[in-house]
Amino acid sequence: MSAHPDPVPPVPEPSVPRARDGRAHREPARPLLPSPVQELREPAFERYGVRLLLKRDDLIHPDIPGNKWRKLAPVLQEADGRTVVTFGGAWSNHLRATAAAGRLLGFPTVGVVRGEELAGHPLNPSLARCRADGMRLVFVSRSRYRLRGDGAVRDALVAEAAGPGRPVRVVPEGGSDAAAVRACAVLGEELAVLRESVPAVAVACGTGGTLAGLAAGLAPEQETVGVAVLKGGFLGAGVAAHQRAAFGGERGRWAVEDGFHHGGYARTTPELEEFATAFEQRHGLGVERVYVAKLLHGLAALAAHGRFRRGTALAAVVTGRPFPEA
C-alpha cells in the first residue's frame, strides 16, 4: 500500500429490518465478516502524520455487534439448548449481547447482576433490554459478586441462578474465556494483511480478552495497543493470563495504556464528552462512550506524544455502537 492510497469508500450502515415495535426483526442476521475497514480524515491524527483506520466491528451484526459477536460465537455453537449463565454490571454490553443471542437462537439466558439493591428499583434501559430479550436477571450483593472468581462461590451462584440440575454453559463476565480469546484471534488475522502500512492496531479493553486474541492473530511485526477503560492497572496481568489459558503462553507484541479511563468504567469527563461529540459531528458516526470514545481520545493523545510513527496508519477497532441507539 502506498503512503497516500486512494480514499477508502464510505462504509454503509446496515439496513436492519424492524418489527412493529421498532425493535430489530427476530430473524437471525448473517454476520458481516470480515468486518470492513474505513479510513477517516481525522485532524487529531493527521497533524502528527498518522492515518486513522477504523475496523468496523460494530457492523458485524445488528443485535450482537463487535467483539461481542466474536466472543459469543463459540458459546452459540456449544449452547445446544443449555441455559447460558453469565455475569455483568447494570450497564453491561456483554449482558445485552448474550440476551440478544439467546432470543435470536432460542436458548435460555440468565444474567447474574452486580448489586442486589437494584432488584427493588425500575430497570435501567440496559437491563430492560436484557429482560425484553428473555434474560432472567438475578441480583447479588457486590461483596459476593467480587468473589465470583472463587470456584465454589461461582458454582453456588450459577446453581442458584439457573436452578438445580439444569444443564448450563457458564460464560465469565465480558465473555473472555479461552474459547472466546481464540475466536478473537481471527480479528487479528483480518488485520494482519495490512502489516506493511499498519504497524499498530488498538482496541479498548475491559477484561482484556479481545486484546489477548487480537495480539495473537496479528503479524509478528505488528503491535497491539490496549486502552484500559477501568482504573486499577491490573489489565496487563489479565491479558497475559488470558493468553496462557487460550494458547499455552503469551503471544504477539502488546502493551496496555492505563491513563485514559476517565475515572473508571462507564465514567466520563467534560474533556472526553467534548472530544467524542466533535468526532461525531466531523464524521457523522456515533461514538459509543464506555469503550470507543476512550479508545479514540487516548489514541489521539498518544499520537500527539509521538507514540506512532509518522507516515504510517493506525487501526482502531470499533467494538460497539452507542446505547440506546437513536
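The values are calculated or read from the model by the stated rules, or taken from the named source; none is laboratory data. This is a predicted model, so every value here is computed, not measured. Here the Cβ is made from the backbone with ideal geometry for all residues, glycine too, and neighbour counts use every protein chain on show. When the accessible area is computed, the model is the full protein with side chains, heavy atoms only, and any ligands, DNA or RNA have been set aside. Shrake-Rupley method; radii C 1.70, N 1.55, O 1.52, S 1.80 Å.
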Notebook entry, point to check: Looking at this structure, is ALA293 in contact with a helix residue (DSSP H, G or I) (Cβ under 7 Å, 6 or more places away or on another chain), open to solvent by 10 Å² or more (accessible area, probe 1.4 Å) and in a helix (DSSP H, G or I)?
Noted result: no
Next item on the list: Report the residue count in segment 296-326 for those that are out of contact with any helix residue (DSSP H, G or I) (no Cβ under 9 Å at 6 or more places or on another chain) and either in a loop (DSSP other than H, G, I, E, B) or open to solvent by 60 Å² or more (accessible area, probe 1.4 Å) (or both).
Entry: 8
Next item on the list: Would you please list the contacts, defined by Cβ atoms under 8 Å and residues six or more apart or on different chains, that run from a residue in segment 298-313 that is of a type in the set (D, E, K, R) to a residue that is open to solvent by 60 Å² or more (accessible area, probe 1.4 Å)?
Entry: ARG310/TYR48
Item checked: Matching entry among GLY88, GLY111 (being surrounded by 18 or more Cβ atoms within 10 Å (Cβ to Cβ) and under 16 Å from the mean Cα position of the chain (by Cα)) -> GLY88
Notebook entry, point to check: Within segment 267-279, can one find any residue that is among the polar types (S, T, N, Q) and either touching a Lys or Arg at 6+ places or on another chain (Cβ under 7 Å) or open to solvent by 50 Å² or more (accessible area, probe 1.4 Å) (or both)?
Noted result: yes
Next item on the list: From ARG20, ARG41, ARG26, ARG30, grab the single residue that is of a type outside the set (A, V, I, L, M) and either under 28 Å from VAL229 (Cβ atoms) or modelled with pLDDT of 95 or more (or both).
Entry: ARG41
Next item on the list: Restrict the check to segment 73-80 and report whether at least one residue is closer than 15 Å to CYS130 by Cα, of a type in the set (Gly, Ala, Ser) and in contact (Cβ under 8 Å) with a residue 24 or more places away in the chain.
Entry: no
Notebook entry, point to check: Of all strands (runs of 3 or more DSSP E) completely enclosed by segment 142-242, which ones contain at least 2 residues that are among the β-branched types (Val, Ile, Thr), out of contact with any Cys (no Cβ under 7 Å at 6 or more places or on another chain) and open to solvent by less than 10 Å² (accessible area, probe 1.4 Å)?
Noted result: 200-205, 223-228
